[in-house]
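Data block below; observations after.
The values are calculated or read from the model by the stated rules, or taken from the named source; none is laboratory data. Since this is a predicted model, take the numbers as computed values, not measurements. Counting neighbours? That spans all protein chains shown, and the Cβs are built from the backbone with ideal geometry, glycine included. Please note that ligands, DNA and RNA were not included when accessible areas were found on the heavy atoms of the full protein model with its side chains. Shrake-Rupley method; radii C 1.70, N 1.55, O 1.52, S 1.80 Å.
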Amino acid sequence: MNSLTVRALLVRGMLAGLAAGVPALLVSYVLGEPRIDAAIAFEEAHSHEHEMEVVGRGLQSTAGLATGVLVYGVALGGIAALAFCFALGRIGRFGARATALLLSGAALVAGYVVPFLKYPANPPSVGDPDTIGKRTALYFLMMLLGLLLAVAATLLGRRLAPKLGKWYATVAAVAAFVAAVGLAYAFLPAVNEVPADFSATLLWQFRLSALAVQLVLWTAFGLVFGQLAERVVTPRPAAERAGAVSVAS
């Protein structure tokens with residue numbers, strides 16, 4: 001790809017990330033915010049200290065949430081678009097839309113589900129404030145490992161394909177990825193700081209809502225970006241465009 005094509009895909013990736021952030025924002029507001037309010041109520045009921053809020057809860061759950069989710073979508077969209085430029089044509093004979101969906105699915109699994117299963121998301125009042133730095137570092141380490149292992153598994157599958165065939169090479173690569181992730185889970189320290197009297201139902205619902213937000217975000221991004229990238233990578237022939245213009249006129 002030349003620099004103009006990469007730039008065009010980068011811009012479209014950011015736009016697709018912004019578009020995907022809209023349904024993710026709605027899911028986060030509908031499913032996530034009520035659970036956060038319930039967790040905050042639990043924290044206030046069990047805390048003897050009352051701190052003054054710098055930013056009100058109403059602003060946090062509306063403008064703050066929208067800003068965070070949409071900026072997050074734009075940033076991830078740009079990164080995913082650059083990854084798409086590298087992956088297109090290198091992971092198989094897939095078109096732009098199929099590559100975008102495969103890339104989105106891989107990013108969801110390796111970049112979110114893998115660290116989520118080891119260090120799942122927690123609502124307010126869950127977790128020791130003194131260990132937040134350690135917990136954050138462990139989460140991002142697991143995320144980095146998930147992404148690196150996904151890349152390594154892809155390369156392994158490509159090397160095994162001429163010997164085993166695509167199907168068995170894919171099965172072997174997936175098995176190697178799962179085994180490597182399992183080893184990482186076994187060696188990295190566990191974190192369990194949920195209060196004994198915290199509602200298990202609330203915790204489960206919050207974690208499911210966090211997973212739903214990511215699922216909606218990456219699915220929408222894959223669909224939108226795939227369509228936009230298809231127009232850049234395989235533009236319509238000039239004769240077809242001219243015919244469309246003449247019909248319209």
(request) Residue by residue through the range 193-202, note down the ones that are of a type in the set (A, V, I, L, M), open to solvent by 50 Å² or more (accessible area, probe 1.4 Å) and not in a loop (DSSP other than H, G, I, E, B). (result) A200
(request) Can you give me the ranges of the helices (runs of 4 or more DSSP H) entirely in the range 64-165 with at least 1 residues that are open to solvent by less than 40 Å² (accessible area, probe 1.4 Å), of a type in the set (G, A, S) and closer than 23 Å to A39 by Cα? (result) 65-87
(message) Quick check on the range 28-45. Is at least one of its residues modelled with pLDDT of 90 or more, assigned to a helix (DSSP H, G or I) and not hydroxyl-bearing (S, T, Y)?
(response) yes
(request) Could you please tell me which pairs satisfy a Cβ distance under 6 Å, a separation of 6+ or placement on different chains, a first residue in the range 167-188 that is within 15 Å of M143 (Cα to Cα), and a second residue that is of a type in the set (G, A, S) and at pLDDT below 95? (result) F177/A153
(request) Scan the range 205-249 residue by residue and report those that are modelled with pLDDT of 85 or more and hydroxyl-bearing (S, T, Y). (result) S209, T219
(request) List the number of the failed condition for E193; all other conditions in (1) at pLDDT 90 or above; (2) in contact with an Asp or Glu (Cβ under 6 Å, 6 or more places away or on another chain) hold. (result) (1)
(message) Restricting to the range 166-183, count the residues that are farther than 25 Å from K118 by Cα and crowded, with 16+ Cβ neighbours inside 10 Å.
(response) 1
(message) Can you tell me which of (1) out of contact with any Gly (no Cβ under 8 Å at 6 or more places or on another chain); (2) outside any loop (DSSP other than H, G, I, E, B) is the one A190 doesn't meet?
(response) (2)
(message) Being at pLDDT 85 or above, over 19 Å from Q214 (Cβ atoms) and either in a helix (DSSP H, G or I) or open to solvent by 40 Å² or more (accessible area, probe 1.4 Å) (or both): is that true of L15 here?
(response) yes
